[in-house]
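The values are calculated or read from the model by the stated rules, or taken from the named source; none is laboratory data. Please read all numbers here as calculations on a predicted model, not as lab measurements. Ideal geometry is used to build each Cβ from the backbone, glycine not excepted, and the neighbour counts take in all protein chains shown.
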Ligand code: HEM
Ligand code: HEM
């Protein structure tokens, strides 16, 4: 085994990273779009149902991803990574994890605010676990919306970093996540 | 002399105020919640969508001999809207509808009460909702009055009115059958 393969992200990390990125982009676009639909749009009922169903799927993906993160530590930093890059990356990565977790929890709280379970793809139900606070849908909704926009800003930074490493520094940072 | 003047003034003030407040003052029993404000609107012209405002307060003045001298005022906390569906409530509180952040209160103040006999009356008044004030008429009817078992005296009414959403500058398109909202009030007042 050469240095190259050792310093790649594990296959499970790579799959889970891109799978969750795909879901997060999809849910963001779906979330913004569904709020613009007028009452007579055929998607008016379906879009939120899909948003919640895919959201629940993402929750399970993220649980697996976070658990695996503790068992398979990330590869060591490249020699060319400067300390400030390592620090910024660390802050942004944890902000991304935190943001996603916050959005997932508040999404669940909006959808269960009236004490009814979430129907996933019309096949099974996710039960209501807690009634957290009064006017739950408003408070959770506010956090959900703003956290989603903030997350996208951080994703932008994150992508800019990845592209900088790839095109300007011409190092393996992006390649070892692919 | 000084004392006499003061009692005279007090007597005048008393007669004046008692003629202004000829009737009986009642506070709507929102503590024990023997009161409800309900709204309903046609859903697609197929059925009704019903909901409530859970948090409000109000009082009324009732003059049995001269109903026209009665008056009523109610203040509703618009964020307390509840249609038993979280995402819909969030939408109805948002700026497509009531915009409760900008307009946290809806207020009704009667301007004129016209008795129509049989314990029924038309209550004219100003309703302020969504920042717009309009004159509306509530069809009201006394349900009953009497002593309660806990030493108080109570009087109950029901009232109903229909308002157009457009009049109050709420223009989200819910379809042709859903342009008007019926408001039903059930209030029980405790005499002060
Ligand atoms: C990272 C994943 C997610 C993203 C990026 C996301 C994004 C969004 C966005 C942008 C909105 C529109 C906000 C607005 O304008 O009010 C929204 C609304 C919503 N989302 Fe999510 N969401 C995610 C996950 C979830 C999950 C897991 C659930 C529930 C299981 C959920 C349930 C909802 C609900 C109920 C609404 C409110 C719709 C309404 O106001 O009627 N979301 N989401
Ligand atoms: C919703 C979108 C995304 C989210 C939430 C996200 C989240 C994350 C997180 C949390 C990490 C750190 C993994 C860990 O330490 O466990 C990471 C790593 C990484 N991501 Fe993303 N990511 C997203 C999209 C992207 C995109 C679009 C790219 C490429 C343009 C990208 C490239 C990378 C790379 C190269 C790494 C490895 C960084 C390193 O080696 O230090 N990510 N991502």
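Just a few scattered comments:
- Within region A:22-47, the residues that satisfy the criterion of being more than 14 Å from chain B (Cβ to nearest Cβ) and within 19 Å of the chain's Cα centre (by Cα) are A:22, A:23, A:24, A:25, A:26, A:27, A:28, A:29, A:30, A:32, A:33.
- Test: residue in region A:104-112 that is in contact (Cβ under 8 Å) with a residue 40 or more places away in the chain, more than 25 Å from residue A:152 (Cα to Cα) and not in a loop (DSSP other than H, G, I, E, B): no
Residues are listed down the side, and each one gets a yes or a no for (1) within 14 Å of chain B (Cβ to nearest Cβ); (2) exposed (fewer than 15 other Cβ atoms within 10 Å of the Cβ); (3) modelled with pLDDT under 95; (4) under 19 Å from residue B:83 (Cβ atoms):
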site: A:109; (1), (2), (3), (4): yes, no, no, yes
site: A:128; (1), (2), (3), (4): yes, no, yes, yes
site: A:157; (1), (2), (3), (4): no, no, no, no
site: A:170; (1), (2), (3), (4): no, yes, yes, no
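- The residues listed here are A:140, A:132; of these, the one that is modelled with pLDDT under 95 and within 26 Å of residue B:81 (Cβ to Cβ) is A:132.
- Residue in region B:68-99 that is nearest to ligand 1 (Cβ to nearest atom), counting only those that are within 13 Å of chain A (Cβ to nearest Cβ) and touching a residue at least 60 places away in the same chain (Cβ under 8 Å): B:96
- Any pair with Cβ under 8 angstrom, 6 or more apart, that starts in region A:19-30 at a residue that is closer than 11 Å to residue A:151 by Cβ and ends at one that is within 7 Å of ligand 1 (Cβ to nearest atom): A:24/A:58; A:24/A:100; A:24/A:151; A:27/A:51; A:27/A:55; A:27/A:58; A:28/A:148; A:28/A:151
- Residue A:77 vs. criteria without any contact (Cβ under 8 Å) to a residue 12 or more places away in the chain, more than 14 Å from every other protein chain (Cβ to nearest Cβ) and in contact with a helix residue (DSSP H, G or I) (Cβ under 9 Å, 6 or more places away or on another chain): yes
- Condition met for residue A:137 (farther than 20 Å from residue A:32 by Cα, within 14 Å of another protein chain (Cβ to nearest Cβ) and within 12 Å of ligand 1 (Cβ to nearest atom)): no
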